[in-house]
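Just so it is clear, none of the values below were taken in a lab; they were calculated from the coordinates. This is a predicted model, so every value here is computed, not measured. We place every Cβ from the backbone using ideal geometry, glycine too, and count neighbours over all the protein chains shown.
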Ligand code: GLP
């Protein structure tokens with residue numbers, strides 16, 4: 001592979017389960033160092049085994065997330081709270097409740113969200129998945145580094161890639177996302193990438209131009225750890 005910038009670490013794990021263990025190790029170490037960690041939390045399929053592993057460790061008394069603040073990364077527009085497609089609901093079910101987290105910041109009104117995150121002292125960790133078109137959260141291409149927290153219109157690629165989550169229900173066309181400016185300001189960023197279908201976009205993310213046309217490539221200017229499975233890299 002090409003040269004990665006000094007701040008970037010790439011860890012290749014055998015499979016999705018090993019990836020989950022490595023990611024859980026990293027997150028637990030961060031929480032041990034700073035029990036009141038603020039963490040930006042992706043939904044999507046990739047981090048689910050990691051969240052299950054974190055929940056297992058919490059249940060076994062091996063980790064304590066009670067002082068952690070979970071910060072929502074993205075949300076569709078126009079859904080009621082009880083809509084099965086709510087990403088807030090997905091984050092509650094997969095991360096907040098099973099880890100015993102009591103503090104959260106919901107993405108609802110962009111200005112309030114940014115103010116709440118700033119009042120916390122910013123983001124300690126951003127835990128991200130890689131959109132098949134290189135998006136982060138719903139920062140669709142092109143998203144320059146200064147893009148704020150805002151509402152967006154989803155691209156056809158994202159409407160298609162999000163269809164798999166909702167079992168035949170339509171994917172809302174509007175969304176809200178934490179801004180690139182916020183994501184890039186996190187003290188640590190972790191990008192989880194799993195599966196052969198992400199191989200091309202992961203290569204471009206790490207080895208192509210750093211460009212708003214591939215928002216994830218901009219993570220290379222941060223203290224970034226990429227944890228990928230072999231299917232996504234080799
Ligand atoms: C989705 C979400 C992102 C997610 C990404 C990857 O569209 N908006 O937050 O990280 O795409 O999803 P997956 O992990 O299912 O591949």
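For the chain, the relative contact order comes to 27 percent (Cα pairs under 8 Å, sequence separation of at least 6).
Note on residue 170 and residue 10: the extension gain reaches 54.0 nm, defined as 0.36 nm multiplied by sequence separation minus the Cα-Cα distance. Taking the DSSP beta bridges with both ends in region 90-234, the antiparallel portion is around 35 percent. With contributions of -39500 (n - 2.57) from each DSSP H run of at least four residues, the per-residue ellipticity at 222 nm computed over the chain stands at -8500 deg cm²/dmol. Measuring nothing but how far apart in sequence close Cα pairs (under 8 Å, 6+ apart) lie, relative to its length, region 55-159 scores a relative contact order of 23 percent. Measure out, as a whole number of angstrom, how far apart the alpha-carbon centroids of region 64-107 and region 28-44 sit. Comparing the Cα centres of region 64-107 and region 28-44, I get a distance of 14 Å. Convex hull volume per residue, computed on the Cα atoms of the chain, equals 114 Å³.
The label-point distance for residue 103 and residue 67, in a model that sets each label 7 Å from Cα toward Cβ, rounds to 0.9 nm. Using the Cα gyration tensor of region 107-234, with a ≥ b ≥ c the square roots of its eigenvalues, what is the shape: rounded (a/c below 1.5), prolate (a/b larger than b/c) or oblate (neither)? Because a/c hits 1.5 or more and a/b fails to exceed b/c, region 107-234 counts as oblate. Anisotropy class assigned to region 78-176 is oblate, per the alpha carbon gyration tensor with a/c at or over the 1.5 cut-off and a/b no larger than b/c. Apply the a/c threshold of 1.5 to the C-alpha gyration tensor of region 162-234 and tell me whether it is rounded, prolate or oblate. Taking the square roots of the gyration eigenvalues as a ≥ b ≥ c, region 162-234 is oblate.
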